[in-house]
Every structure is written in C-alpha cells, then in structure tokens.
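Here the structure is laid out as structure tokens; the discussion comes afterwards.
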Amino acid sequence: MDQRNNKMGWLFTSPYLIYSLIFFFGPLIWSFFLSVTDWNLIAPTFNIIGFENFMDALKSPSVHSAFWVTYKFMLIFVPIVTVLAIAVAVLVHGLPRFKSLFLIGFFLPYLSSGVVSSLIVKGLLSYTSPLNVFLRKIGLDIDWLGTPLSALFIVGLILAWKFTGYYALILTSGLESIDKEVYEAAAIDGVTERQRFWRITLPLLYPSLYTTLILAFGVTFGIFTEVYQLTGGGPNNATNTWQMEIFKQAFTNLQAGYASAVALLASVATFISIFIIRKLLEIWGKRNGWV
C-alpha cells in the first residue's frame, strides 16, 4: 500500500516537477553556462572566458547602483505597503457586510497591467499634464521623474498601490482566524481600542504579517516594468534595479554572458538578503513573544 501511495504521489507531483525542470532548472543551467562566455546574443560563436564576467560585474558602478537601489526601494515600498495593507485589512474586517466586495475592489490593482498603470502615471506626471500646468501656475515646477528621490517615491507608490489589496487579503484572512472570544475577554477587562490592536490583534496577526513582509521584501528584488516605463533606470541610475541592469546589459549592450553573470549575482544577493530578513523577523517576533 505504501509503495502504491508513493507511486501515486510521484504521479500527481510529476507535472510540477516537469515544469520546474523545463522552466527553472533548464534556464538556470543555461544561465550558468552563458555567464562564463562572451556571447553577444547575435554571433554564432563565443569564447569561454571563465569568471571574467563576474569580476567585471563586481567592479561595475551600475551593478553597485542596482544593489543599493534595491534597498532604497525596500525602505520606501515595504513600510508604505505594510501600513496601507494593515489599515485596509482592519477596516474591511470591521465591516458588518460586503467584506468580499471591498476586498475584490482593493485587489483589482494587483491584477492590472503594470505597463498600463505606469503609462497612466507617466501621462499624469508629464510636463504638459493638467496637474503640472496647475502647479506651475501657483509657482511649483516639479520634475517628478527627473529627480532621484521623487522618482524613487513615485515608483514605490505605484507598487504600493498595486500590492496593497493583495497583502490586505492575506491579513484579512489572518484577522478572520482570531477568536472573537479573545476580544470579548479584553473588552470585559476594559482594554481600549488602541491597546487591543497593539497587544492582541498585532501579536495574533504576526504569522500573516510575517508572510506579507517576506513577500513585500521579495518584490523589491524583481522591480522592472514600472522602472522601464517611467524612468528607464534614471535619472543617473537612481532607479536602476537589478532587473533593469540585466535587461540593459543583455538587450541594449548585447552582452548576454555578462548579463547572465549579473543575474546570478542578483540571485545570490536576493537569497542572502531574504534569509537575513527572515531571521530578523523571527527574532523580532520572539522578542515580542509573538512566536
């Protein structure tokens, strides 16, 4: 019976395993191979150059920029989207009816095209847009996407708008799982609304909050569409993310080998960063007695 169950288990998991082999491990092996070549994406021949691409990438100012820009986006995006998601989840959870309807409304931006939303924002912030025409009339001439700090915030806010509903959905499910008797006991003890949130809701919401934070941190390592459409990585590499750097090297500079090396370095940086963030979140939860 156990052997039969094992065979059935392998049978049901085989589609995912085949998918992983074709679309994950295959490209990963190909990327490793490309990273030690000087292939330019067009020529039929290439040379094996060892770890030269990795050494060049480690010394490249644009790669250094992509590394630090990721953490800048992290500092902007993660706090904003977390606060908004918690606020939306708490508000929706407190509604007497139509919770699902409101959650769907907040979730819709997550389903929207990043290209479309970026182009809309780009139009709203263009020099001739009604907003900027009005601002110039009152003496404010703002180059929204031409200033490093404002460009970072614009992209961060677009991402926060897009992902708030998704994370709120996760947090709302966490709130729904909290036993109402806990709140009733707290009310009898005279606990205020603020105390209830900080000392009951937030600790019991920690598992869902932990998940959303890890997802939010992970998003910052994959930012591409919004940056590509709005700034192209500028101004002065201020929004040049890992994905943008890989795209430029592969399809603009036609350095497929070098781009593969950058992609592998980005993967290592992502893995190490997420691992450290997970450990810090676990320490934070244990220190507060939430785990």
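The values are calculated or read from the model by the stated rules, or taken from the named source; none is laboratory data. Keep in mind the model is a prediction, meaning the values are calculated, not measured. Keep in mind that these areas ignore ligands, DNA and RNA; they rest on the heavy atoms of the full protein, side chains included. Shrake-Rupley method; radii C 1.70, N 1.55, O 1.52, S 1.80 Å.
Annotations
- Rolling a 1.4 Å probe across the protein heavy atoms gives the range 161-291 an accessible surface of 51 Å² per residue.
- If you sort Asp189, Asp56 by accessible surface, 1.4 Å probe, largest first, the order is Asp189, Asp56.
- Cα gyration tensor shape for the range 36-117, rounded if a/c is under 1.5, else prolate or oblate: prolate
- Hz values of 3J(HN,Hα) by residue in the range 159-172 - Karplus curve (6.51, -1.76, 1.60), Gly and Pro given as x: 5, 5, 4, 6, 9, 4, x, 5, 5, 4, 4, 5, 5, 5
- Here the Kirkwood formula puts the hydrodynamic radius of the range 23-68 at 12.0 Å, using every distinct Cα pair.
- Under 5 Å, built H, 5+ apart or other chain: amide partners of Thr37: Ile49
- Using 0.36 nm per residue and subtracting the Cα-Cα separation, the extra length available between Lys279 and Ile49 on full extension is 79.1 nm.
- Short-range pairs are left out: with C-alpha atoms under 8 Å and at least six residues apart, the relative contact order of the range 228-276 is 23 percent.
- Cα gyration tensor shape of the chain, rounded if a/c is under 1.5, else prolate or oblate by comparing a/b with b/c: oblate
- Above-threshold pairs, the threshold being 29 Å between Cα atoms, out of Lys72/Lys99; Lys180/Lys279; Lys248/Lys279; Lys72/Lys279; Lys137/Lys248; Lys137/Lys162: Lys72/Lys99; Lys180/Lys279; Lys248/Lys279; Lys137/Lys248; Lys137/Lys162
- Area accessible to solvent at Glu184, 1.4 Å probe radius, in Å²: 110 Å²
- Area of Lys7 that stays accessible when all protein chains are in place (1.4 Å probe, Å², to 10): 130 Å²
- Candidate residues Tyr228, Tyr258, Tyr210: accessible-area rank, largest first, probe 1.4 Å: Tyr228, Tyr210, Tyr258
- Convex hull volume of the C-alpha atoms in the range 173-262, normalised per residue: 138 Å³.
- Probe 1.4 Å - accessible area at Ile188, Å² to nearest ten: 140 Å²
- For the pair Leu41 and Ser113 in one chain, pulling the backbone fully straight at 0.36 nm per residue adds 23.1 nm over the alpha carbon distance.
- Taking θ as phi - 60° and the Karplus parameters 6.51, -1.76 and 1.60, the scalar couplings of the range 92-108 work out to 5, 4, x, 6, x, 7, 6, 4, 4, 5, 5, 5, 4, x, 6, 7, 4 Hz in sequence order, x denoting glycine and proline.
- The phi torsions of the range 255-262, fed into the Karplus equation with coefficients 6.51, -1.76 and 1.60 and a -60° offset, translate into couplings of 10, 5, x, 5, 4, 5, 5, 5 Hz, rounded to whole numbers, with Gly and Pro shown as x.
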